[in-house]
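Novice: Next up is a structure, given as C-alpha cells.
The values are calculated or read from the model by the stated rules, or taken from the named source; none is laboratory data. What you see is a predicted model; the values in this text were computed from it and never measured. Here the Cβ is made from the backbone with ideal geometry for all residues, glycine too, and neighbour counts use every protein chain on show. Ligands, DNA and RNA are excluded from the accessible area calculation, which covers all protein heavy atoms including side chains. Shrake-Rupley method; radii C 1.70, N 1.55, O 1.52, S 1.80 Å.
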Amino acid sequence: MSTGKTLNITQNLHEYLLSVSLSEPEVLLQLRQETANHSRANMQVAPEQGQFLALLVKLINAKKTLEVGVFTGYSSLSVALALPPDGKIIACDVSEEFTSVARRYWEKAGVADKIDLLLAPGTESLQYLLSQGQAETFDFAFIDADKENYYSYYESALKLVRPGGLIAIDNVLWSGRVIQPEVEDSATVAIREFNSKLSQDDRIDLSLIAIADGLTLARKR
Ligand code: CA
C-alpha cells in the first residue's frame with residue numbers, strides 16, 4: 001500500500017525501496033490502514049516520508065516542533081515517537097472530525113502528553129503563538145495544510161523556528177501539476193508561487209526532496 005507517491009518510479013522499485021528501508025511501528029501501520037479507507041486518504045503522508053521526518057527530528061535533536069495540518073495524525077505521530085520524552089508538538093488543524101482519529105492514536109501510542117492540538121485556522125494559531133512570545137523557540141516545523149495559505153504559514157513558521165531550525169513543507173510537486181501550465185486552480189498556482197519564492201529566499205538553506213509528493217526542506221539561517 002503506497003500513498004502520496006508522485007515520483008516517476010516503478011511500483012516494483014518503490015516496493016523494493018520500502019522493503020529495504022521502511023521500519024514502521026505497529027501503531028503507525030494501524031493508523032495508515034484505518035486512514036486508507038477515508039474519503040480523503042490521499043492527504044495522508046507516505047510511510048517512508050513519516051520515517052524521514054522522524055529521522056530529521058532526531059538529526060537536529062528537536063525538542064519543540066510545530067505542525068500545520070494534522071489530518072488523521074500520521075506525521076505528528078511519526079514525529080512524536082521520534083521526540084525525547086520531554087519533547088512537544090504544537091499541532092494546528094481546523095477539523096475536529098479528522099483530528100479525533102489523530103487523538104485516538106496519540107493516546108494509543110502513549111504520546112498524547114507530547115502534543116498540544118490547536119483547533120482553529122492555521123494563520124490564527126500561528127499568530128497566537130507569535131503573540132505568546134514563542135518566536136524562535138521551535139526546532140522543527142512541518143507544513144501540510146491548505147495550499148493557498150502555504151506562504152503565510154511559511155512566513156510565520158520562519159519566525160517561530162530558531163536559527164538553524166528546519167521547516168519541512170509537503171506536496172511541493174503536487175502530483176506534477178506544477179509543470180502543467182493548463183492547470184490554474186488556486187492550490188496549484190499557490191504551490192508554484194511558493195516554490196518560486198523559496199528558491200529566491202536568502203533567509204534559508206533550501207533543498208527540495210523528491211520523496212512522495214515532493215518535500216521542501218528549509219533551514220533557517
Ligand atoms: Ca500532504
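Novice: Can you tell me which residues in segment 57-108 are within 16 Å of the ligand (Cβ to nearest atom) and closer than 16 Å to residue 23 by Cα?
Specialist: The answer is 74, 75, 77, 78, 79.
Novice: Additional query: Determine the pairs where a residue that is under 16 Å from residue 77 (Cβ atoms), located within segment 18-41, has a partner that is in a loop (DSSP other than H, G, I, E, B) and open to solvent by 50 Å² or more (accessible area, probe 1.4 Å) with Cβ atoms under 7 Å apart, the partner being 6 or more residues away or on another chain.
Specialist: Filtered contacts from segment 18-41: 36/1.
Novice: Moving to a separate point now. Please verify whether residue 196 is exposed (fewer than 15 other Cβ atoms within 10 Å of the Cβ), polar (S, T, N, Q) and in a strand (DSSP E or B), treating the condition exactly as stated.
Specialist: The answer is no for residue 196.
Novice: Among the strands (runs of 3 or more DSSP E) confined wholly to segment 19-134, which include 1 or more residues that are open to solvent by less than 10 Å² (accessible area, probe 1.4 Å) and under 17 Å from residue 145 (Cβ atoms)?
Specialist: It comes to 64-68, 88-93.
Novice: Which one of the conditions (1) within 18 Å of the chain's Cα centre (by Cα); (2) free of Cβ contacts under 8 Å to residues at least 24 places away in the same chain does residue 98 fail to meet, given that it meets all the rest?
Specialist: (2)
Novice: For residue 151, all conditions in the list (1) open to solvent by less than 10 Å² (accessible area, probe 1.4 Å); (2) under 22 Å from residue 213 (Cβ atoms); (3) not in a strand (DSSP E or B) hold save one; what is the number of the exception?
Specialist: Condition not satisfied by residue 151: (1).
Novice: Now a separate question. Given the structure, is residue 165 in contact with a Cys (Cβ under 9 Å, 6 or more places away or on another chain) and surrounded by 19 or more Cβ atoms within 10 Å (Cβ to Cβ)?
Specialist: no
Novice: While we're on this one: Of the residues 179, 209, 204, 191, which is more than 16 Å from the ligand (Cβ to nearest atom) and open to solvent by less than 70 Å² (accessible area, probe 1.4 Å)?
Specialist: Result: 204 is the single residue among 179, 209, 204, 191 that is more than 16 Å from the ligand (Cβ to nearest atom) and open to solvent by less than 70 Å² (accessible area, probe 1.4 Å).
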